[in-house]
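A short write-up of the structure that comes next.
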Amino acid sequence: GQNIDQPTEMTATEGAIVQINCTYQTSGFNGLFWYQQHAGEAPTFLSYNVLDGLEEKGRFSSFLSRSKGYSYLLLKELQMKDSASYLCAVSGITGGGNKLTFGTGTQLKVEL
Amino acid sequence: GAVVSQHPSWVICKSGTSVKIECRSLDFQATTMFWYRQFPKQSLMLMATSNEGSKATYEQGVEKDKFLINHASLTLSTLTVTSAHPEDSSFYICSATGTSGSAISYEQYFGPGTRLTVT
């Protein structure tokens, strides 16, 4: 099975940098995803890591260490609109396709 | 990017009735579709995985006779909540994966979700 842990809540200041950590234990691994979800909406894709290292995309970066079962999402130059839930999800291979298991999500609040 | 739609976006039904939710991939062929349920302030919980033309695979604890899934074509999957009860009230989200059109094989594309309220 898969077990994914991430902090429940975080608070940061507009313009600052915040790092959201995710640790996982999995019997099968085919990549790690980060999603952003605003209340009442579906998740939107932020990043995908399948190899160790840092992936950068604008203000968002994601890091993966497969040997440590660890990932983080880094958000720079925080904006108020970044207040949302950030979901870490691990992909494992099933007979029918890549299956995602989601962490509980980290509710990020950006303050002035 | 690839687009997935869901219909309806919200529905209110009476206890004991059935509700059908549609999930469509608009610009790619969805070889696999996933159905999730999300309760308030909780994460997404996978209910089932469906492949076109075959029976869905349900996650442990999900009643297959209550949550009927049909994936009859490469662009459409439906979830029917049968004999709905208030505890079935939730946010239901579908996602799809595929390799055609604008889809990238490793990514799941999410629909906008359906808010179900059972009274």
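What follows draws every value from the coordinates through simple rules; no lab data is involved. Quantities reported herein were computed from a predicted structural model and do not represent experimental measurements. All Cβ positions, glycine included, derive from the backbone under ideal geometry; neighbour counts span all protein chains shown.
Go ahead and collect, in residue order, the members of the range B:11-30 whose backbone nitrogen is under 17 Å from a label point 7 Å along the Cα-Cβ direction of B:R115. Answer for the range B:11-30: B:11-14. Averaging the Cα positions of each part gives two centres, and for the range B:6-78 and the range A:4-72 these lie 26 Å apart.
Couplings 3J(HN,Hα) of the range A:42-53, computed from phi: 6, x, 10, 5, 10, 7, 9, 10, 10, 10, 4, x Hz, in residue order, whole Hz [Karplus 6.51 cos²θ - 1.76 cosθ + 1.60, θ = phi - 60°; x for Gly and Pro].
Here's how it looks for A:T104: its modeled amide H is under 5 Å from those of A:Q6, which are all 5 or more places away or on a different chain. Its Cα centre serving as origin, the range A:47-112 has a Cβ charge dipole (Lys and Arg +1, Asp and Glu -1) of approximately 120 debye.
Over every Cα atom in chain B, the radius of gyration and the widest Cα-Cα span, Dmax, amount to 13.6, 41 Å. Taken about its Cα centre, the range B:1-94 carries a charge dipole of about 120 debye when Lys and Arg each add +1 at the Cβ and Asp and Glu each add -1 at the Cβ. Partnerless cysteines in the protein assembly as shown, where a partner means another cysteine C-beta under 4.7 angstrom, comprise B:C13.
A simple charge model with +1 on the Cβ of Lys and Arg, -1 on the Cβ of Asp and Glu and nothing else charged puts the dipole of the protein assembly as shown at about 300 debye relative to its Cα centre.
Cross-link pairs exceeding 22 Å in C-alpha to C-alpha distance, out of A:K68/B:K41; B:K20/B:K66; A:K76/A:K109; A:K76/A:K99, comprise A:K68/B:K41; A:K76/A:K99. Per-residue Karplus couplings for the range B:14-31, computed as 6.51 cos²θ - 1.76 cosθ + 1.60 with θ equal to phi - 60°, are listed in order as 8, 4, x, 8, 10, 10, 10, 10, 9, 10, 10, 8, 8, 9, 7, 8, 8, 6 Hz, Gly and Pro entered as x.
With θ taken as phi - 60° and the Karplus curve 6.51 cos²θ - 1.76 cosθ + 1.60 applied, the whole-hertz 3J(HN,Hα) list for the range A:60-66 is 10, 9, 9, 10, 9, 10, 5 Hz, x standing for glycine and proline. Residue by residue along B:45-57, Cβ atoms of other protein chains within 10 Å of the local Cβ number 2 on average.
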